Amino acid sequence: EKASIENDVIQTTFVLKHDKAAVAEFEEYKMIFAVVLVALAVTAHAADVRMEPSVNVFSSNHWLKEKASIENDVIQTTFVLKHDKAAVAEFERILVDRSNPKSENYGKWMKHSEIKSRLAPSESSVKTVVDFLSSHGIPSTDIRVNKLGDMVHVSMPVKTANSMLKTEFALFRSATQRNVALPRITQPYYLPEEIAQHVQIVADIVRFPSLRNGPTIFGAEEKTATDDEFNSCGTKCNGYTTPDVLKSAYGFEYMTSFTTGNSMSVAEFQYQYYDQTDLDSFSSACDVTATVETTIGGNNPKICEAGGCVEALLDIEYIEAVAHPIPLTVIYSSTFSLLDWVGQVIDMGDDAPLVHSVSYGNDEVQQTSVEYMDACNEQFMAAGNMGLSILFAAGDQGVWGRSGVGATYNPDFPASSPYVTAVGGTNFATKSVIGEETTWDCGGGGFSDTFARPDWQETVVTDYIAAATTAGVLPDQSLWNSTGRAYPDVSALGGQTNPYCVAIKGGSFGGVAGTSASCPVVAGVFAQLNDIRLKAGKSSLGWLNQLIYQNGQCFNDINDGSMNNCNKGTTGFSALTGWDPATGFGSPNYSCLSKIV
């Protein structure tokens, strides 16, 4: 500033010089002390194995560590057991074969009992882990082995967990959602060597979930939109994407009946519940039916009165709008854990819903360890071999992910898993006109930094890279992994040009955007396609990806060069003819798909 400060008083410090010889001697003693400390640490854990060794950060900028002791609190965690590597490889080979429409084994899905016989760890492995838990004073009533025999769920005091895992737990509270607090470890954890050989990870003690602040809610437009379908839910939703918009855009019809055995589900986390008032309001305004047949994990509709249920209501209202009366199950998981959710699904056995829409995820780098992602993938494989279709939203931050703009793109998980179907986002090319679509610039997409590209997508991805190179639109190779699993696989409307009409907060309406809208819509389409197969006496579609990649002509291609960079002045992947990492193969063409299933 220009004003004089000559008469102000400052405080400063004169740092005096040390004698150089004394400093050198001090450094020597410091090095000896450090070596002694390391030796002591190695000796202390000589018979132990550090689990998830790639994890070196035990905190998060989004979670604040609390000072109060939690030694007497009780935590729930899961010991995820290792599968035999050869068995997993064979299991994957079977999945790839049975999900290939060109194979004579297509659709010959396994019963839960066969999954267990092929994949479950040995009974001795399970007993070893259970006995280990019991040896720490945990009663048998607080230890539960899942039906597949590869997860041991345990409830125990934090004091016991600290001693057992040779770590320290603390309570971390969300910096943004102060009602959410989780116990997490503050340093590495260990298991005895004879136990570690059976355990892949101890789940739900390391990862900090990325809590969502909720989608942006848009107000209705004052004037009538161009196409009538945008006004089909009343004036409160003028200009919004409605069930009738989707019906016209993607060519499906509303169902009046369903085939016995068909079913579908949405997954909810993070206090996302639903209320009947909003479902009824949506049904009445849009002349559709949105109901929930089964709820697993509980429901607290009072939260919806304050507008806290937008994500769940979006999922339910739109999968129902597309595929009612196929029975819908809402699976709520209070643990903020995708691994816990998929474990719940597989534990349902042969009664598990056939199609699952999941609008949650995180960046691969935020999942903390490859071991965790591998554990999830093995469960996704099991679900696929049971004939279940799992679809995940591809994310709402474009190529940069939740981590934001940086030195590299940040791929999403589980969208980047080869064993799920990833759903990206689009907008109408012309606002409020049903027709050509363009990339939603914040729709997730890209290449995994963790998982290699599977054979079933190699040709189309290689073609894209070549075409983008020729067109001069391929992002710099330093930003992304050119050999990784590429996603999304497909897309649907999800952008902010015409946000979705959603009944929220006790029957009021708002417009909501995101791939969390795209995902339940595409899931509803595949639930309808399942009905065609079941009615014809065929099996469910199961793991969808090879069906999709062999029938790219059955999707509405987005090829206008639009990008999913989400941040002005940055690069992203461009939508070109055929598959691309901006929109996958594009949005579903139901008429075409109904003929190839």
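A few comments on the model shown:
- To the nearest 10, the accessible area of V460 is 40 Å² with a 1.4 Å probe.
- Heavy-atom accessible area for V49, with the other protein chains in place and a 1.4 Å probe, reaches approximately 50 Å².
- Dipole size of the chain about its Cα centre, with +1 on Lys/Arg Cβ and -1 on Asp/Glu Cβ: approximately 600 debye, rounded to the nearest 20.
- On the beta carbon distance between H62 and Q187, with R0 = 25 Å, the FRET formula returns roughly 0.80.
- Rounded to the nearest 20 debye, dipole of the range 234-339 from Cβ charges on Lys, Arg, Asp, Glu: 100
- Surface per residue (accessible, 1.4 Å probe) for the chain, Å²: 43
- Only protein heavy atoms count here; on that basis, with a 1.4 Å probe, V96 has an accessible area of about 50 Å².
- Heavy-atom SASA rank of R98, R533, R50, R93 (probe 1.4 Å, accessible area, largest first): R93, R50, R98, R533
- With a simple spin-label model that places each label point 7 Å from the Cα along the Cα-to-Cβ direction, the separation between T277 and V370 comes to 5.1 nm.
- Residues S482, S491, S113 ordered from highest to lowest accessible area at a 1.4 Å probe: S113, S482, S491.
- Charge tally around E90: other residues with Cβ under 15 Å, Lys/Arg +1 each, Asp/Glu -1 each, net 0.
- Stretching K85 away from D228 to a fully extended chain increases their span by 45.9 nm, per 0.36 nm per residue minus the current alpha-carbon distance.
- Dipole of the chain, positive direction: furthest Cα of V420, L529, I346, with charges on the beta-carbon: I346
- 10 Å-binned pair-distance histogram of the range 290-418 (Cα, whole percent): 11, 38, 36, 14, 1
- Of the options (1) 26.2, 92; (2) 46.8, 158; (3) 33.3, 121, only one is Rg and Dmax of the Cα atoms in Å as computed from these coordinates, and that is (1).
- Cα lying deepest toward the dipole's positive end in the range 377-508, options Y500, T469, A429, charges on Cβ: Y500
- Cα-based reach from K102 at 29 Å (exclusive), listing lysines while leaving out same-chain residues under 8 positions away: K85, K111, K116, K535, K538, K595
- Note on the chain: with neighbouring protein chains present and a 1.4 Å probe, carbon and sulfur make up 52 percent of its accessible heavy-atom surface.
- Each residue, Q550 and S140, gets one label point 7 Å from its Cα in the Cβ direction; the gap between the two is 4.9 nm.
- Near the amide H of I504, within less than 5 Å, lie the amide hydrogens of F509, G510, all on another chain or at least 5 residues away, with H placed in the peptide plane.
The values are calculated or read from the model by the stated rules, or taken from the named source; none is laboratory data. This structure is a prediction, so every number in the text was calculated from the model and none was measured. No Cβ is skipped: glycine too gets one built from the backbone with ideal geometry, and neighbour counts run over all protein chains shown. Ligands, DNA and RNA are stripped out before the accessible areas are found, and what is left, the full protein with its side chains, is counted by its heavy atoms. Shrake-Rupley method; radii C 1.70, N 1.55, O 1.52, S 1.80 Å.
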